[in-house]
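**Q** Pasting a structure here, questions to come.
Nothing in this text is a laboratory measurement; each read-out follows from the coordinates by a stated rule. Keep in mind that this is a model prediction, so the values were computed, not measured. Ideal geometry is used to build each Cβ from the backbone, glycine not excepted, and the neighbour counts take in all protein chains shown.
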Amino acid sequence: MAKYMVVGNQATVSSSYKSAAVVTAGATAMRRGKVAEMILGASANPNATDTYLQFDLSRQTAIGTATSFTPNPVDPADTACTALGSVNATVEGTITANSSLFNDGMNQRGTLRWQEQDESKMLIYPATASVGFALRVQSSTYTGSVTAQIGFLE
């Protein structure tokens, strides 16, 4: 399986979850994917008040409105990815209730990296059009921007 990255951002964090990076199965030549890595952090000046960012990776069953992002192969010799990427959502996709597979808080001054080397423990999305994962963020105080990366195998 080849590894790809969706490198995204969310320009305006708010008190409700907003997607920073999304990966879903494409509409044609669908393949299932396995999320192996996430990198998260603030990309703007810190808030005057020390505060938190809450990140969540949930299953998404329909695509919202966001900027399209072509997943980049980690090895340039790999074929083009069939999955779809999107970043900086302005309208959220459909998130399946109680489908969070990763939810962690962090200080606005920190960076968080999650990696899974064991393929049997990676987070899997099916080969179903527009179904995948949304990496979302929220904070009741921080309103700057964040960056988020999803590394996945296909």
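**Q** For the condition part of a loop (DSSP other than H, G, I, E, B), in contact (Cβ under 8 Å) with a residue 24 or more places away in the chain and within 21 Å of G85 (Cβ to Cβ), what is the one hit in A134, A127, A148? Outline the logic, then answer.
**A** Details: A134 fails: part of a loop (DSSP other than H, G, I, E, B); A148 fails: part of a loop (DSSP other than H, G, I, E, B).
The conditions single out A127.
**Q** How about the stretch 92-133: which of its residues are exposed (fewer than 12 other Cβ atoms within 10 Å of the Cβ) and hydrophobic (A, V, I, L, M, F, W, C)?
**A** A97
**Q** Looking at the stretch 56-64, is at least one residue surrounded by 12 or more Cβ atoms within 10 Å (Cβ to Cβ) and either without any contact (Cβ under 8 Å) to a residue 24 or more places away in the chain or within 15 Å of V146 (Cβ to Cβ) (or both)?
**A** Start the filter on the stretch 56-64 by keeping residues that are surrounded by 12 or more Cβ atoms within 10 Å (Cβ to Cβ), which leaves 56-64.
Adding the requirement that they be either without any contact (Cβ under 8 Å) to a residue 24 or more places away in the chain or within 15 Å of V146 (Cβ to Cβ) (or both) leaves 56-57.
Yes, the stretch 56-64 contains at least one residue that is surrounded by 12 or more Cβ atoms within 10 Å (Cβ to Cβ) and either without any contact (Cβ under 8 Å) to a residue 24 or more places away in the chain or within 15 Å of V146 (Cβ to Cβ) (or both).
**Q** Which one of M38, M1 is surrounded by fewer than 15 Cβ atoms within 10 Å (Cβ to Cβ) and touching a Leu at 6+ places or on another chain (Cβ under 9 Å)? Spell out how you get there, then give the answer.
**A** Values: M38 fails: surrounded by fewer than 15 Cβ atoms within 10 Å (Cβ to Cβ).
From the options M38, M1, the qualifying one is M1.
**Q** Could you tell me whether N9 is surrounded by 14 or more Cβ atoms within 10 Å (Cβ to Cβ), farther than 11 Å from A134 by Cβ and under 12 Å from the mean Cα position of the chain (by Cα)?
**A** Considered against the rule, which asks whether it is surrounded by 14 or more Cβ atoms within 10 Å (Cβ to Cβ), farther than 11 Å from A134 by Cβ and under 12 Å from the mean Cα position of the chain (by Cα), N9 comes out as yes.
**Q** So in the stretch 106-129, with the set limited to residues that are of a type in the set (V, I, T) and more than 16 Å from A42 (Cα to Cα), which one is farthest from the chain's Cα centre (by Cα)? Before you say what the answer is, go through the steps one by one.
**A** Here is the first cut: in the stretch 106-129, the residues of a type in the set (V, I, T) are 111, 124, 128.
Filter again for more than 16 Å from A42 (Cα to Cα), leaving 124, 128.
Numbers: I124: 13, T128: 18 Å.
Restricting to residues being of a type in the set (V, I, T) and more than 16 Å from A42 (Cα to Cα), the top hit is T128.
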